[in-house]
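One structure is given below, encoded as structure tokens.
The values are calculated or read from the model by the stated rules, or taken from the named source; none is laboratory data. Bear in mind the structure is a predicted one, so any value in this text is a computation, not a measurement. Because the Cβ atoms are built from the backbone with ideal geometry, glycine has one as well, and the counts that use them run over all protein chains shown.
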Amino acid sequence: MINLAYRDIAHSFGKFVTTAVGVGLLIGVVLIMIGVFRGMAHDAMIVPSDLNADIWVVQKETLGPFAESSRLHEDLKYSLRSLRGVKEVYPLTFQSVQIYPNKKPVRVYVMGYDASRSLTPYRLVEGRAIQSSQSEMIADSKSGLKLGDNVSLGRGKYTVVGMTHKTVSSGGDPMIYLDLDEAQELQFQFSNEQIRNDRYRGSNTAANQTVNAFVLRVHEGIDPKKLSDEIARWKHLQAYTNAEQEEILTKNLIERSAKQIGMFTVILLIVSAVIISLIIYTMTINKIKEIAILKLIGAPNTVIVKMIGQQSVLLGVIAFIAGNLFAHASADIFPKTIVLWYADAAKLFVVIVIVSMLASLTGIRSALKVDPSTAIGG
Amino acid sequence: MKNPVIVLEKIQKTYGSGESAVTAIKEANVEIYAGETVALLGPSGSGKTTLITMIGCITEPSAGVLKLSGEVVYDGTWRVNDTRKVRREQIGFIFQSHNLIPFLNVIENVTLVSQMNGVRKHEAIRKGKELLEYLGVGDKETKMPSQLSGGQSQRVAIARSLANNPSIILADEPTAALDGERALSVMELLRKLAHEQNVAVVVVTHDERMLPLFDRILRVEDGRVREEG
């Protein structure tokens, strides 16, 4: 049996494909929206993943150091190191800063860590690790900096000695790594004028020995949860296992964004359904004469319904393919990380097929109402 | 004695109801036999198209009896479950403007109905090619309707109407869009088909020049059908 849907599409192939590609752009945007959410979750995990911590110690009653600010005295590291089960303690600072490579402002996230220790909280793709107190930095390629660049940060100038790629903060800002002392100076040291003013007021501004968090690694066989509970019993500290910190990052930081993205995705899918429905309805109306002829020469309703239904599904499938190509082609251009999962695409495909089938109902309804006698009379 | 393939007994069609009711066909009694060419003549609005659409099981009559190939199709209500199946299996249609499906090529247009009737594709194509050759357009089977002349399109339409081996062909002004020579050619073809294929051919026409080609002439005036000559 002749497939009327394919023959009709082949007859006006260019128009059909152009229409499908147009709808595909909408579907591509849906995929990108989902990819943005996945990207946010992915970005949120980069720093914790690179740090490979067992326990995070932060200021009491805070969700720090990413969800809330947290300040601790650096010398707490000695007390923490003395705990049974603790293998290593690494003090860290975190700070958002604006830099001006190529005279354009770029927001970056600075992590300070003790470069003299064994911790390497990044994955180098170029260059070398920083040395202590040498005014050196590791920068991510997304910052716009290159190996050998000199950058002003706070009161100092730093040289880029190493590069990472796609290492970003939970907010999507490119990471910069400094030696701890230099990072503390950047974050906690006040200007000379302020120091003089604070002394005059009687307050102590020697805050250089402050950090935002400690990352602990424990010995094999030690339960991080039990140890973190023990630390949390201290009056002025909060402790989270790595899993708890990851939950803070994903749940607290990106939950609202996830809801917004979810809403946009649903709205875009509804718009896609309406557009496909209108397109199929218009295609059907443009074929009213042919449908009348088909009915007149005896075509059963199943033949007509199949023609319209197949065209609608094919429109959806081609739109999906076009959308996928668009999403993959443009994912790297977006400033935010976009992660495109095959599983998400597969689920969206099923949704698009269902939406296309439902969208064909308006066209089918019109077709079934056509009076075959309208084909007579020229 | 031959049995008629089309029987109309007091067939009536009324549109509307009450005071605004309009009777398009009033108690028509007609018998048409296989192999006959019958012209339906009459002015515009006389009810010719209504009559042909009732015979074609497209328009439901308001009263009377309609029999096709000896089977009662309508006697106050439709007696068949699927009127489209009746059309598909027993009736071929030819329109004023050929009305070929624009997105199907010639052979697909011709074989569509037989394939819908369950004939295997290669068998339908074989029969379709034979018909196209018979009608003089055998070399056009892969062309699209937009690539055909008016006369060629009408021949393809005739081939389509014959592809399902109908016992009846209903033609609604098949030569109206053709020049004199082509119109005559198409009418002669229909006459030849009626006689050779033993098909009842009923043609709605305004063209009185073609009347000598018909075996019978039915005149429709003010809803009444009467035979001439």
Can you find even one residue in the range B:65-82 that is within 11 Å of chain A (Cβ to nearest Cβ), among the acidic types (Asp, Glu) and outside any helix (DSSP H, G or I)?
yes
Residue by residue through the range B:47-64, note down the ones that are assigned to a loop (DSSP other than H, G, I, E, B), surrounded by fewer than 21 Cβ atoms within 10 Å (Cβ to Cβ) and in contact with a strand residue (DSSP E or B) (Cβ under 6 Å, 6 or more places away or on another chain).
B:Ser62
Quick one: in the range A:163-205, which of the residues that are at pLDDT below 75 and in a loop (DSSP other than H, G, I, E, B) is farthest from A:Asp149 (Cα to Cα)?
A:Gly202
Of those in the range A:132-155 that are touching a Phe, Trp or Tyr at 6+ places or on another chain (Cβ under 6 Å) and part of a strand (DSSP E or B), the residue surrounded by the fewest Cβ atoms within 10 Å (Cβ to Cβ) is A:Val151
Sort out which residues of the range B:95-128 are outside any loop (DSSP other than H, G, I, E, B) and either facing chain A (nearest Cβ under 9 Å) or surrounded by 24 or more Cβ atoms within 10 Å (Cβ to Cβ) (or both), and write them in order of number.
B:Val106, B:Glu108, B:Asn109, B:Val110, B:Thr111, B:Leu112, B:Val113, B:Gln115, B:Met116, B:Lys121, B:Ala124, B:Gly128
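Considering the range A:283-300 alone, what residues qualify as being at the interface with another protein chain (Cβ under 8 Å from one of its Cβ atoms) and either in a helix (DSSP H, G or I) or in contact (Cβ under 8 Å) with a residue 24 or more places away in the chain (or both)? Outline the logic, then answer.
Residues of the range A:283-300 at the interface with another protein chain (Cβ under 8 Å from one of its Cβ atoms): A:289-290, A:293-300.
Across the range A:283-300, the qualifying residues are A:Lys289, A:Glu290, A:Ile293, A:Leu294, A:Lys295, A:Leu296.
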Would you please list the contacts, defined by Cβ atoms under 9 Å and residues six or more apart or on different chains, that run from a residue in the range B:86-107 that is under 17 Å from B:Thr49 (Cβ atoms) to a residue that is among the acidic types (Asp, Glu) and in a helix (DSSP H, G or I)?
B:Asn99/A:Glu290
Residues of the range A:92-123 satisfying the condition of being over 19 Å from A:Gly154 (Cβ atoms) and not basic (Lys, Arg):
A:Asn102, A:Ser116, A:Ser118, A:Leu119, A:Thr120, A:Pro121, A:Tyr122
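Quick one: would you say B:Thr53 is at pLDDT 90 or above, touching a helix residue (DSSP H, G or I) at 6+ places or on another chain (Cβ under 8 Å) and not aliphatic (A, V, I, L, M)?
Numbers: at pLDDT 90 or above: yes; touching a helix residue (DSSP H, G or I) at 6+ places or on another chain (Cβ under 8 Å): yes; not aliphatic (A, V, I, L, M): yes.
When the stated conditions are applied, B:Thr53 passes them.
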State whether one or more residues within the range B:136-146 are at pLDDT below 90, more than 14 Å from chain A (Cβ to nearest Cβ) and either surrounded by 15 or more Cβ atoms within 10 Å (Cβ to Cβ) or not in a strand (DSSP E or B) (or both).
yes
Within the range A:87-97, does at least one residue satisfy the condition of being closer than 28 Å to A:Pro224 by Cβ and without any contact (Cβ under 8 Å) to a residue 12 or more places away in the chain?
no
Does any residue in the range B:33-59 that is away from chain A (no Cβ under 13 Å) come within less than 6 Å, Cβ to Cβ, of a residue that is surrounded by fewer than 23 Cβ atoms within 10 Å (Cβ to Cβ) and in a loop (DSSP other than H, G, I, E, B) six or more places away or on a different chain, and which pairs are these?
B:Tyr33/B:Lys2; B:Ala34/B:Asn198; B:Gly35/B:Asn198; B:Glu36/B:Asp215; B:Thr37/B:Asp215; B:Gly47/B:Gly223
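Go through the range B:1-17 and count every residue that is over 12 Å from B:Asp75 (Cβ atoms) and touching a helix residue (DSSP H, G or I) at 6+ places or on another chain (Cβ under 9 Å). Spell out how you get there, then give the answer.
Narrowing the range B:1-17 to residues over 12 Å from B:Asp75 (Cβ atoms): B:1-6, B:12-17.
Add one more test, that the residue is touching a helix residue (DSSP H, G or I) at 6+ places or on another chain (Cβ under 9 Å), and what stays is B:5-6, B:13, B:15.
So the answer is 4.
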Run B:Lys85 past the list (1) farther than 21 Å from B:Ala159 by Cα; (2) part of a helix (DSSP H, G or I); (3) within 12 Å of chain A (Cβ to nearest Cβ) and report the number of the one that doesn't hold.
(1)
Among the residues listed as A:Val274, A:Val305, the single one being more than 10 Å from chain B (Cβ to nearest Cβ), closer than 30 Å to B:Asn81 by Cβ and outside any loop (DSSP other than H, G, I, E, B):
A:Val305
Give me the pairs, please: first residue somewhere in the range B:60-75 and basic (Lys, Arg), second residue anywhere and surrounded by 14 or more Cβ atoms within 10 Å (Cβ to Cβ) and part of a strand (DSSP E or B), beta-carbon distance under 6 Å, and either six or more positions apart or on two chains.
B:Lys67/B:Val7
Can you say whether A:Leu25 is in contact (Cβ under 8 Å) with a residue 40 or more places away in the chain, farther than 30 Å from B:Asn117 by Cβ, out of contact with any Leu (no Cβ under 9 Å at 6 or more places or on another chain) and more than 14 Å from chain B (Cβ to nearest Cβ), as far as the supplied structure shows?
yes
